[in-house]
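One structure below.
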Amino acid sequence: MKPISVVIPAYNESRHIATVIGAVTEFMKKERIEYEIIVVDDFSTDDTAQSAERAGATVISHPMNRGYGASLTTGIKKSRYNDILIMDADGTYPVPEIKKLLPYIGDFDMVVGARQGKHYHGSPVKRISRGIFYLLISYVTGDHVPDANSGLRIFRKDVVMKFEDDFCSGFSFTTTITLVLLCNNRLIKFVPIDYQPRVGSKSKVRYFRDTARTFQILLQTVSYYIPLKAFLPFTIISLLLSLVFTILYFAKAGNIFYGLSAVVTFLSSMAFLGLGLIAYSIVRGKKGL
């Protein structure tokens, strides 16, 4: 087994950070894996940094609060090893679940712990919104993605850092790297893992704000990497409307309103298709294809 750098972002997690570090240390020694543990303290107002240092981790402190994604980026850049394991400091990811990811490291660019169980699925509203979001991701990437924003994953530093400019500084960091790697035909393995209720500080996730941000990132990613898919739905909808208006035009004995609507919607569909093809050509040109 190759050595692993464990990167743990932390913000006001003094109550549980030492427990997580201790569990990771015990696991790595048991599995006889060479490792380092890097805790990135994102300007905590408690003694998170001190607790992490006492537990044996290398601590990097931000001079101001920069966000979850920025903390991970800092830790990844400072890591010594090419295989990076990221996990949260709140105890939601049982450390023994790491073992399920290890067998796939050599064959995949990233191995994601796909969360399971009642603590992940949550309320019916969350399930519905998450289901819609994953349908969109599947459309964009062409792959089945059971968990795009899991905080427990192992990936190759040399692969992920090629896309550093696309990283998100907030909680959508993990969603971003999942989308970007899939859109660039990188290999990702999703492995089912258990998920537990948090035992650290209160969650920093703000569902409405972070959900809106996640959808924004999804739109930006598809527009940048596969823009034709961004314009294709509008093309299809416009064509269908044109067909409907054409049928109504003949059914209503040449009603001018339906006739003009059929022409306008058809031209709109061609415009959307043209924009998509132009954007696709620009993207391919930038990649030298």
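The values are calculated or read from the model by the stated rules, or taken from the named source; none is laboratory data. These figures come from a predicted structure and were not determined experimentally. Ideal geometry is used to build each Cβ from the backbone, glycine not excepted, and the neighbour counts take in all protein chains shown.
Filter the stretch 156-189 for residues that are touching a Cys at 6+ places or on another chain (Cβ under 8 Å) and either part of a loop (DSSP other than H, G, I, E, B) or under 24 Å from Pro94 (Cβ atoms) (or both) and give the result.
Answer for the stretch 156-189, where residues must be touching a Cys at 6+ places or on another chain (Cβ under 8 Å) and either part of a loop (DSSP other than H, G, I, E, B) or under 24 Å from Pro94 (Cβ atoms) (or both): just Thr175.
Answer with yes or no whether Pro192 is in contact with a strand residue (DSSP E or B) (Cβ under 6 Å, 6 or more places away or on another chain), at pLDDT 80 or above and over 22 Å from Glu13 (Cα atoms). Steps first, please.
Numbers: in contact with a strand residue (DSSP E or B) (Cβ under 6 Å, 6 or more places away or on another chain): yes; at pLDDT 80 or above: yes; over 22 Å from Glu13 (Cα atoms): yes.
For Pro192, the condition - in contact with a strand residue (DSSP E or B) (Cβ under 6 Å, 6 or more places away or on another chain), at pLDDT 80 or above and over 22 Å from Glu13 (Cα atoms) - is met.
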Practice task
May I ask you to verify whether Ser129 is over 20 Å from Tyr225 (Cβ atoms), touching a residue at least 12 places away in the same chain (Cβ under 8 Å), of a type outside the set (Val, Ile, Thr) and not in a loop (DSSP other than H, G, I, E, B)?
Solution key: yes
Problem - Positions within the stretch 195-240 being assigned to a helix (DSSP H, G or I) and modelled with pLDDT of 90 or more, in sequence order - result: Phe231, Leu232, Pro233, Phe234, Thr235, Ile236, Ile237, Ser238, Leu239, Leu240
Handout entry: Answer residue from the stretch 214-269, given it is closer than 26 Å to Phe167 by Cα and polar (S, T, N, Q) and is farthest from the chain's Cα centre (by Cα) among those
Key = Ser223
Practice task
Scan the stretch 139-155 and give yes if some residue there is assigned to a helix (DSSP H, G or I) and closer than 22 Å to Gly91 by Cα, otherwise no.
Solution key: no
Completion exercise
Flagged pairs (Cβ under 6 angstrom, 6 or more apart or on separate chains; first in the stretch 67-93, farther than 13 Å from Thr174 by Cβ; second assigned to a helix (DSSP H, G or I)) are Asn82/Lys157; Asn82/Asp158; Ala89/Ile17; Ala89/Val20
